Each structure stands twice: as C-alpha cells, then as structure tokens.
1. Take Thr75 and tell me if it is of a type in the set (Val, Ile, Thr), over 17 Å from Val234 (Cβ atoms) and surrounded by 19 or more Cβ atoms within 10 Å (Cβ to Cβ).
2. Going by the conditions given, is Val389 aliphatic (A, V, I, L, M) and touching a helix residue (DSSP H, G or I) at 6+ places or on another chain (Cβ under 6 Å)?
3. Please tell me if Gly342 is surrounded by 21 or more Cβ atoms within 10 Å (Cβ to Cβ) and under 26 Å from Glu395 (Cα atoms).
4. Restricting the search to the range 396-412, which residues are in a loop (DSSP other than H, G, I, E, B) and in contact with a strand residue (DSSP E or B) (Cβ under 8 Å, 6 or more places away or on another chain)?
5. Give the number of residues within the range 231-264 that are of a type in the set (A, V, I, L, M, F, W, C) and surrounded by 23 or more Cβ atoms within 10 Å (Cβ to Cβ).
6. Looking at the range 278-289 only, could you name the residues that are within 16 Å of the ligand (Cβ to nearest atom) and surrounded by fewer than 24 Cβ atoms within 10 Å (Cβ to Cβ)?
7. Consider the range 121-139. How many of its residues are among the aliphatic types (A, V, I, L, M) and either assigned to a helix (DSSP H, G or I) or more than 10 Å from the ligand (Cβ to nearest atom) (or both)?
8. Of the residues in the range 140-169, how many are at pLDDT 95 or above and assigned to a helix (DSSP H, G or I)?
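The values are calculated or read from the model by the stated rules, or taken from the named source; none is laboratory data. Worth saying up front: this structure is predicted, and the values here are computed from it rather than measured. All Cβ positions, glycine included, derive from the backbone under ideal geometry; neighbour counts span all protein chains shown.
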Amino acid sequence: MKQTKITLEENEIPERWYNVVADMPNKPLPPLNPATKEPIGPEALAPLFPMALIEQEVSQERWIPIPEQVRQIYTQWRPTPMYRAYGLEKALDTPAHIYYKYEGVSPAGSHKPNTAVAQAFYNKEEGVKRISTETGAGQWGSALSYACQLFGVGCEVYMVRISYEQKPYRKLMMNTWGAEVIPSPSEQTEAGRKILAEDPNSPGSLGIAISEAVERAATDPDTKYSLGSVLNHVLTHQTVMGQEAIKQMEKAGELPDVVIAPFGGGSNFAGLSFPFLHLNFTQGKNIRCLAVEPTSCPKLTRGVFRYDFGDTIGMTPLIPMYTLGHNFVPAKIHAGGLRYHGAGALVSQLLHDNLIEAEAIDQIESFEAGVLFARAEGIIPAPEANHGVASAIREAKRAKEEGQKRVILFNLCGHGHFDMSAYEAYFAGNLHRHELSQQDVDTAISKIDTPEIPETAA
Ligand SMILES: *Cc1c(COP(=O)(O)O)cnc(C)c1O
C-alpha cells in the first residue's frame, strides 16, 4: 500500500526550538526607540513581556530547550501528521512529489497554539495573572484562550469590532475556553475611548486593537501582553513544525527541493522553513524556502526594507522590516491572517540577503487552489493556507512543463471550518482579483516617515 500519512512517535516531538539567528550571516538589526532612535535594550520590553520571553527575543543561542510541561501539552496534538498528496498529484498529472505538514489538528485548528502554549507557560512561571492580546479573524485569540486556560492565566482579547460581529463562532470558542472577548474599540482603554469619541460607530482595526491590548499591559502590573507572530521568540517556538518535518521527509526517503508557506507576519513560514535553512547553512543543502503573500498586501515582493512600527498607531519599537508602511490598510480579503503591513525582522533580513524567496498570489487563484485541494485531499484549508496550496500547485505545474521530478513541501497551517463564509463568497462569484497598482504601492511607501536602514548595515 502507498504510504499517504507519515507519522512520528510522541517521543520524536522536538526537545528544543531552533533559533535561526545563530546561523544568520547578517544578524537582524536591533529595534529602535521611536523617540530617541537609539537601539532599545531588553529592559524596555519588561512591562509587556515576561523576562524568559525577552531573553529568547534577543537570544543568539542556536537551540533553546522546550520546557517539559510545554512538551507534555504538545503531545495532545503533536507530532502533527505529514501527508503525501497523491490525490493532488493525480489531479495535476504532475511528476512532482507533493507533501504537506498539517497543523489543523491542534485544538484551535492552526499552528498558533505552538507558541501560545509556550507563552502562557512562561507568563504563569513569572506569576502573571492575565494576558491581553488582539485578534482580527480570531485564530490567534482562540489559540491564546485555549493556552491560558490550561495554565489558569486570565485572557483578555481585544477583537476587531467588525470581526466580533461577523465571526461569532471564533468569539464563542474563546468564551468556551474562558477568555473575555471585548469588541475593539472599547470603553475600557484610553485608546479605545479616544477612537469612540471621534467615531462612535468605528468598525475597529488590528492597529487599534493592538493599542488597546498594549495599553492594558502597560498600565496594569498583573497583566502582560502577547503577540502571535512577527517577533523572534514567536517564530522560534514555531520551529517544532520544521524539525518534525525533517524527520518525516527522512522517513519518506526524500528531501524537499522547495519548502512553501503562506505569509502573514512570518510565524508559520519560519516555523516550517527555518529548520530546513539550518540544513542549508550547516550541511551545504540548497533547499529553496518560499514565502507566499497575497497580491493585495505585498510587503515582501513590493514593499521596502526599512524601520517601521509593528502597529498602526505607532506605539511599538521600530523594527527593521519589509513593509508597506504602518498606515497601509490592505483590502478586506478573506485571508484575514495575511492582512498585515509588515514582516518580522528575521524573515526580512533573510529575504534581504537572498537566503529565502517570496511571491504574491491573488485570492481567486488561492481559492481555486483551495477547492481543488479539498476535492483531491479531503481537508478544507483556511483561506490563508490556500496561498501556500496555490504556490505548491504552481511549482508542480512547472515541474510538469519541465518534465522534471521535484519534491515540494508546503505548510497546511490551518483548516477552514470557521471560514466557510469566505468559500460561500467565492462560490457566489463575489470575490474579485485584487492587485495593487504601482501607484497604490508608491503612495503607501511615500507616506512612510520612519527611519531608513543605514546602507552599511543593510
Ligand atoms: C495567523 C495565521 C496565518 C498568518 O500568520 P503567520 O504568522 O504569518 O503564520 C496564516 N495561516 C493561519 C491558518 C493563521 O492562523
């Protein structure tokens, strides 16, 4: 019988996270204080994050041990399966071998609990009573709610008001796991009250929700803040995926030519691809690592590499990143998790140094790919994940045209069970191709007023 599902034993869950900084030829530049433009030290982050996570954020150590309690919780759904996509290969009539790592088996339905559990653990260790965060589509909020509840830590989620109203099931998942979900902008913070005074009917935005969650942590000694992507420690936690995937590819007797993942802030891409980059750095392999973003939010392929804020309002430190500008408002595509103006510092430096690649794919091509995949393989991908599926299909078609075998691995980072309204819109013909004009890109970039990256450093 053909082996479709490649599994690992519980004791093969990684014992450490991989920190790519140790192997990067050019280290990421330090974040800057927006007022002084001087590099910030770890102490500047202390009101927001527990010390253990701040240490990981600035760590140069290659391997970081995973606490036993975190590994124990990982066993609930890890190691996650890898599949050989025989059905999809057949549908495409391609000589390529297509594999995917499936993270939709986690309790929250995506890769996000890999870091949520770790973050809740370290907060608990340092006596934190409550964690505040923001959520757009609800994937991150539900992952953190699940994780906080395991450790008896309170969880306060500022959910963009329009999503709060349109996505009641994600909100109810958070409530079921015991979290308090507040539509943002809210009356509970200075930032929220200010926005509401100007516009009582504000639909909210991720930028506003971040401001509210950060303000709660900054003003309450019992509350810390948590982020689900972008930051170095978040990307590092996600490397359990890539480490497992290397073992699974070994079991399949192959090594990928290309590793593909959708890209929002970089966490699922980094989590799958960084351990393969480690093979490039240390064993002379030449595995392509390809990040896939939506054409409506093309920071990697059409943005600029410079310092920018992580949030819209400008409360965070300045981070060296590929960005379209913190004021850039992407079109309301259904892949909510990919509607972020910037990219994490690690991924940005690697892209700048040509050690990884990026491409942009339109939402129609993404949904076409997602539906083809669901019919060939059974699993219904999240709209974000469809971008990775579409890119894998492009590679498989190219392999066919060139008459070459090619081994493709992609991250099926979440299922789409709570996103069926997006599929409904696609089937009804209500989705449209969406690509920014050069003028849109130029306008967005011309509005960036944050510091440039010095030539010598870049
Ligand atoms: C959050 C999310 C993303 C985008 O975030 P990254 O940090 O880039 O991974 C992509 N897919 C799914 C399913 C998500 O939940």
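1. No, not satisfied.
2. yes
3. Spelling it out, Gly342 is indeed surrounded by 21 or more Cβ atoms within 10 Å (Cβ to Cβ) and under 26 Å from Glu395 (Cα atoms).
4. Lys405, Arg406
5. Residues flagged as of a type in the set (A, V, I, L, M, F, W, C) and surrounded by 23 or more Cβ atoms within 10 Å (Cβ to Cβ) within the range 231-264 amount to 10.
6. Hits for the range 278-289: nothing passes.
7. So the answer is 2.
8. 12
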